[in-house]
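See below for the structure under consideration.
The values are calculated or read from the model by the stated rules, or taken from the named source; none is laboratory data. Fair warning: this is a prediction, and the values are worked out from it, not measured in the lab. All Cβ positions, glycine included, derive from the backbone under ideal geometry; neighbour counts span all protein chains shown.
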């Protein structure tokens, strides 16, 4: 049996030019769309489960929430697909799922508030889920606007001092205002205007991360200068501690005058982490930890609110009906949830004060249990890891520090919130990113998300191809090559001039 004849040259024709074109780079936007679809399905099913557990019928209110959620994230996906096509496909779906879960829990607490009002013959309160949808719409609008207008994130480095001053001003304003315009629950963190209120500290954390990243890039030599050695560790020079001392003074002022432990710890820890990433020196961490301990001690001595917070943390049941009520109720809720939780709509998370804001993690632990709370923490972990991957992949130093700082700030914020609810550390009063009720936190966190997506798009985008000087000749005609005549090259004359391109005339 004879062997099969080899294929002829015409069986597999080569493309013009002799080389196959490179495949187009993958944008992974369809993966993002698929994951957003999963987030929509999970959110819709969770809303239905809440209604079923509360013996409610599927109403227009439920359909309104689901359709609004779907429409908002379709807009967000289209903005990413059009203006950041190479961005990480996991960042937006994770934020969407966390935002959807927060909307479900806020709606569930709204139903509990309505039932309590009806049983006590009180007026039915306004539904916070509707407000949350409106705040989410505003946050998505800012998210899309940043992607459209901020085509190059490195532009932010040109305005680093302006952004830094705005961040410091946002921290200081509540401290100088009268208490009726700024204080809630003992902390002066609000800016209340007629018909409108905002937490400036939520925006200050993003502005100060941008400022710190730009400053560390432009003044890197200042922070990497050789200092004294002690126990094998190179410590920074005293005259180089100015920026860190300035941040320390601002944070201690916020802690003493505004009684806001959360923002103080968040900003100082993030700046310290950026210092270590930029310099790779453990000495900065040691100096920063010493300054942090000193600042907490000063605040404890100077602020009665801080002493009460520490006492409540150490002895939550000593004053159960007063200062320890919130923490004690959250611990009871977590214990009730156990491993698998009571089920969506079947617990009593409304017995925990501020269950929609500061203690929404306790609501998750009670109704979804340790399994559900672990799943939420894993979502945050993936979000932070993808942000750090973006920092490793981007090519410029400013982008690396900015992405690392934004991702690390989310990690620190989640640690402070969960640690406060579970009595690991004192309560900080921070809002859980994308989950808690509140417009300031949503607007700030979607700003953070837009910056991460813009940096991720720059990191994952293919390198621009160089334009060829001339197009390749296709199917050139066959020519007979003749040997060239030998020419005698004479030396150039001494008065030969040069052209603009440097060749002899």
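If you take the residues of the stretch 183-226 that are in a loop (DSSP other than H, G, I, E, B) and more than 17 Å from residue 284 (Cβ to Cβ), which of them is farthest from the chain's Cα centre (by Cα)?
Ranking the candidates gives 194 first.
Quick check on residue 175: is it touching a strand residue (DSSP E or B) at 6+ places or on another chain (Cβ under 9 Å), part of a helix (DSSP H, G or I), on the phi < 0 side of the Ramachandran plot and at pLDDT below 95?
yes
In the stretch 351-394, how many are in a helix (DSSP H, G or I) and more than 23 Å from residue 89 (Cα to Cα)?
Final tally of qualifying residues: 15.
Looking only at residues that are in a loop (DSSP other than H, G, I, E, B) and modelled with pLDDT of 95 or more in the stretch 395-435, which one is nearest to residue 138 (Cα to Cα)?
It comes out as 434.
Kindly provide the set of residues from the stretch 36-53 that are touching a residue at least 60 places away in the same chain (Cβ under 8 Å) and either closer than 16 Å to residue 103 by Cβ or within 21 Å of the chain's Cα centre (by Cα) (or both), ordered by number.
36, 39, 40, 43, 46, 47, 49, 50, 51
Select from the stretch 321-346 the residues that are surrounded by 13 or more Cβ atoms within 10 Å (Cβ to Cβ) and free of Cβ contacts under 8 Å to residues at least 24 places away in the same chain and list them in ascending order. Explain how you work it out, then say what you get.
Keep residues of the stretch 321-346 that are surrounded by 13 or more Cβ atoms within 10 Å (Cβ to Cβ), which gives 323-334, 336-338, 341-346.
Those that are surrounded by 13 or more Cβ atoms within 10 Å (Cβ to Cβ) and free of Cβ contacts under 8 Å to residues at least 24 places away in the same chain: 323, 324, 328, 332.
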